[in-house]
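Student: Sending over a structure as structure tokens; questions will come in a sec.
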Amino acid sequence: MQTQDDLQARWWKLEEQFFKKFGKKPDVEAILFLIGIQEIGNFNPKKKFTKEQKQDLMHVAVCSLLSQSGYYEFDDYDEDKWPHFKQLKDLPHYNMMEQENFLKDHILLYFENIGEPFKNF
């Protein structure tokens, strides 16, 4: 339970940073979307993304996050300069709560590695 409590405390701290930066508390999907934008390196505050592009950005984020643990690795960029990944190993089978915590832990690790969240936004 202590590990869960530590994860929750670290998550609340990250949410606080987001609130200070954007004025609202994000959910996991919003953070994934922003990580995806950051990973494609093409931030333009006036750019509108289609629903499909938003899903693709979240996919890029998940692959980037899970590459930290060896589940994926960067493969190449496509003609539109979007990164593509290849899966290296099967993902663990978790229930919904465990999946969310798994992602949150990887999100926290990501921000520990890059420093200040979304300094270019």
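Student: In the stretch 37-75, how many residues are at negative phi and either of a type in the set (Gly, Ala, Ser) or assigned to a strand (DSSP E or B) (or both)?
Tutor: Residues of the stretch 37-75 at negative phi: 37-40, 42-69, 71-75.
So of that shortlist, the ones also either of a type in the set (Gly, Ala, Ser) or assigned to a strand (DSSP E or B) (or both) come out as 61, 64, 67, 69, 72-75.
Within the stretch 37-75, residues that are at negative phi and either of a type in the set (Gly, Ala, Ser) or assigned to a strand (DSSP E or B) (or both) number 8.
Student: Quick check, is Lys104 basic (Lys, Arg) and surrounded by 14 or more Cβ atoms within 10 Å (Cβ to Cβ)? Step through it out loud before you land on a result.
Tutor: Details: basic (Lys, Arg): yes; surrounded by 14 or more Cβ atoms within 10 Å (Cβ to Cβ): yes.
It is true that Lys104 is basic (Lys, Arg) and surrounded by 14 or more Cβ atoms within 10 Å (Cβ to Cβ).
Student: Take Pro92 and tell me if it is modelled with pLDDT of 90 or more, outside any helix (DSSP H, G or I) and out of contact with any strand residue (DSSP E or B) (no Cβ under 6 Å at 6 or more places or on another chain).
Tutor: Details: modelled with pLDDT of 90 or more: yes; outside any helix (DSSP H, G or I): yes; out of contact with any strand residue (DSSP E or B) (no Cβ under 6 Å at 6 or more places or on another chain): yes.
In short, yes.
Student: Of the residues Glu79, Glu29, Glu16, which is out of contact with any Pro (no Cβ under 7 Å at 6 or more places or on another chain), without any contact (Cβ under 8 Å) to a residue 12 or more places away in the chain, part of a helix (DSSP H, G or I) and of a type outside the set (Phe, Trp, Tyr)?
Tutor: Values: Glu79 fails: part of a helix (DSSP H, G or I); Glu29 fails: without any contact (Cβ under 8 Å) to a residue 12 or more places away in the chain.
From the options Glu79, Glu29, Glu16, the qualifying one is Glu16.
Student: Sort out which residues of the stretch 66-91 are loosely packed, with under 10 Cβ neighbours inside 10 Å and closer than 23 Å to Glu29 by Cβ, and write them in order of number. Reasoning before the result, please.
Tutor: If we filter the stretch 66-91 for residues that are loosely packed, with under 10 Cβ neighbours inside 10 Å, which is where we start, we get 70, 76, 78-81, 90.
Once the filter is applied, which keeps residues that are loosely packed, with under 10 Cβ neighbours inside 10 Å and closer than 23 Å to Glu29 by Cβ, the stretch 66-91 yields only Asp80.
The values are calculated or read from the model by the stated rules, or taken from the named source; none is laboratory data. Just so it is clear, the model here is predicted, and its values are computed rather than measured. Glycine also receives a Cβ, built like all others from the backbone with ideal geometry; neighbour counts cover every protein chain displayed.
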